[in-house]
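Only one structure is covered here, and it is reproduced in the block below.
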Amino acid sequence: MINSIIKKVIGTGGSSLSILIYHQVFEQWDYLHPDEPTISQFERQMRVIREHFVPLSLSRAMELLQENRLPTNAACITFDDGYLDNLTHAVPILQRMGIPATIFVATDFIGDGIMWNDRILEAVRSSKNDSWDLRNASLGVLDMSSPNSRHLAAKHLIKKIKHLPTKERTQVVEIVEEFAVPCNKQLMMSRKQLQQLDEFNIEVGAHTMSHPILNTLQQTDAKKEIVGSKQILEELLQKPVDFFAYPNGRYTEDFDNTHVDIVRSSGFTGAVATNWGAASSTTDMFRLPRFTPWDKHPSKFLYRLLKNTHNAQ
């Protein structure tokens, strides 16, 4: 059934741009990251992109989009945050298939840094407790007795903490980490590894410094986060950083027109959000939508992505 539906829509995407968003690519399925692809799943998805789409770098796609010369079923691959496994697991596949990509980096975590949500996830993973009593942080009592309950607990914590002001969020994370073994993994790329990306046809974009929800910040602090990440990356890479990704990325909920204006006036060429859809020549280049590829089966992945090409913003 799904194959016949695919045949009806394939090649009909028109001049819209699908920008895919990934975060990590794991060697094996991880119960704390159930929606993230494994290496083999990512390879199958990239094969679909190679066979049925025209993969472009974000910079080239932006040029063609604004000139109204975008090829049918154009697609870009993007990653958020700057995880090491982007380089070790994803880049070899992208290289083999000749697919360019963009990695958006939160600069505070380059090297041995760890993002607040990963601190939560690694605390959940390492804890020896069967339950956590977090009533003193208004987070209830959490069941930690099985992998599934730990996944649900982590999901609950991240949802509750995500939109707190940065200082308060850090305080709650520290309370959570009292139940855990300190994380000593290197999760993010180093400065040297980021510098190597250019030889692999990987563009680097800015993703703020500390990955805050911009709507929780004063305007001056938001500007410091946006401009600071661009300056740090440009100094590191010795080249312009043209693209920006809004943390969490949902327009109006996580960022608003104030932040769009800051990005626009800071020398960026364009910016990506996480609202679903495809971009057209009339799309605001500083609020480009992105598609999240959750489907693991290649046919379902292709079908959903083809449907997304018709949802031009």
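Among the numbered conditions (1) in a loop (DSSP other than H, G, I, E, B); (2) out of contact with any strand residue (DSSP E or B) (no Cβ under 9 Å at 6 or more places or on another chain); (3) at pLDDT 95 or above, tell me where Ile99 comes up short.
Condition (2) is where Ile99 drops out.
What do you reckon, is Pro34 in contact with a strand residue (DSSP E or B) (Cβ under 6 Å, 6 or more places away or on another chain) and either among the aliphatic types (A, V, I, L, M) or modelled with pLDDT under 95 (or both)?
Taking the combined requirement at face value, the residue does not satisfy it.
Within the stretch 19-59, can you find the residues that are more than 18 Å from Ala75 (Cβ to Cβ) and either not in a loop (DSSP other than H, G, I, E, B) or not assigned by TED's automatic domain parsing to the domain that holds Thr88 (or both)?
Hits for the stretch 19-59 are Phe26, Thr38, Ile39, Ser40.
Which ones in the stretch 290-302 are farther than 13 Å from Ala75 by Cβ, assigned to a loop (DSSP other than H, G, I, E, B) and of a type outside the set (Phe, Trp, Tyr)?
Within the stretch 290-302, Thr292, Asp295, Lys296, His297 meet the criteria.
Looking at (1) more than 29 Å from Ser210 (Cα to Cα); (2) of a type in the set (A, V, I, L, M, F, W, C); (3) at pLDDT 95 or above, can you tell me which one Ile110 breaks?
So Ile110 meets the others, but not (1).
Return the pairs, sorted by first residue and then second, in which the second residue is among the small types (Gly, Ala, Ser) and part of a helix (DSSP H, G or I), the first residue lies in the stretch 30-44 and is under 11 Å from Lys296 (Cα atoms) and in contact (Cβ under 8 Å) with a residue 24 or more places away in the chain, the beta carbons are less than 8 Å apart, and the residues are 6+ apart or on different chains.
Partner pairs satisfying both residue conditions: Phe42/Ala90.
How many of the residues making up the stretch 273-306 are surrounded by fewer than 18 Cβ atoms within 10 Å (Cβ to Cβ), basic (Lys, Arg) and in contact with a helix residue (DSSP H, G or I) (Cβ under 7 Å, 6 or more places away or on another chain)?
2
Test each condition in (1) under 30 Å from Gln196 (Cβ atoms); (2) modelled with pLDDT of 95 or more; (3) outside any loop (DSSP other than H, G, I, E, B); (4) touching a strand residue (DSSP E or B) at 6+ places or on another chain (Cβ under 8 Å) for Leu305 and report the one that comes out false.
(2)
Counting only residues that are touching a Cys at 6+ places or on another chain (Cβ under 9 Å) and of a type in the set (Gly, Ala, Ser), which one in the stretch 98-137 is surrounded by the fewest Cβ atoms within 10 Å (Cβ to Cβ)?
Selected residue: Ser126.
Which members of the stretch 96-136 meet the condition of being in the same structural domain as Leu32 (by TED's automatic domain parsing) and without any contact (Cβ under 8 Å) to a residue 40 or more places away in the chain?
If the condition is that a residue be in the same structural domain as Leu32 (by TED's automatic domain parsing) and without any contact (Cβ under 8 Å) to a residue 40 or more places away in the chain, then Arg96 is the only one that fits.
Starting from the stretch 53-64, take each residue that is without any contact (Cβ under 8 Å) to a residue 24 or more places away in the chain and list its partners that are assigned to a strand (DSSP E or B) and crowded, with 17+ Cβ neighbours inside 10 Å, counting only C-beta distances under 6 angstrom and pairs at least six apart or across chains.
Val54/Ala74
Against the conditions (1) in a loop (DSSP other than H, G, I, E, B); (2) modelled with pLDDT of 95 or more, where does Thr12 fall short? Just the number, please.
In the conditions (1) in a loop (DSSP other than H, G, I, E, B); (2) modelled with pLDDT of 95 or more, Thr12 misses (2) alone.
Could you please find all residues in the stretch 110-155 being among the basic types (Lys, Arg) and in a helix (DSSP H, G or I)?
Those that are among the basic types (Lys, Arg) and in a helix (DSSP H, G or I): Arg119, Arg125, Arg135, Arg150, Lys155.
The values are calculated or read from the model by the stated rules, or taken from the named source; none is laboratory data. None of these values were measured; they are calculated from a predicted model. Virtual Cβ from ideal backbone geometry, glycine too; neighbours counted across all protein chains shown.
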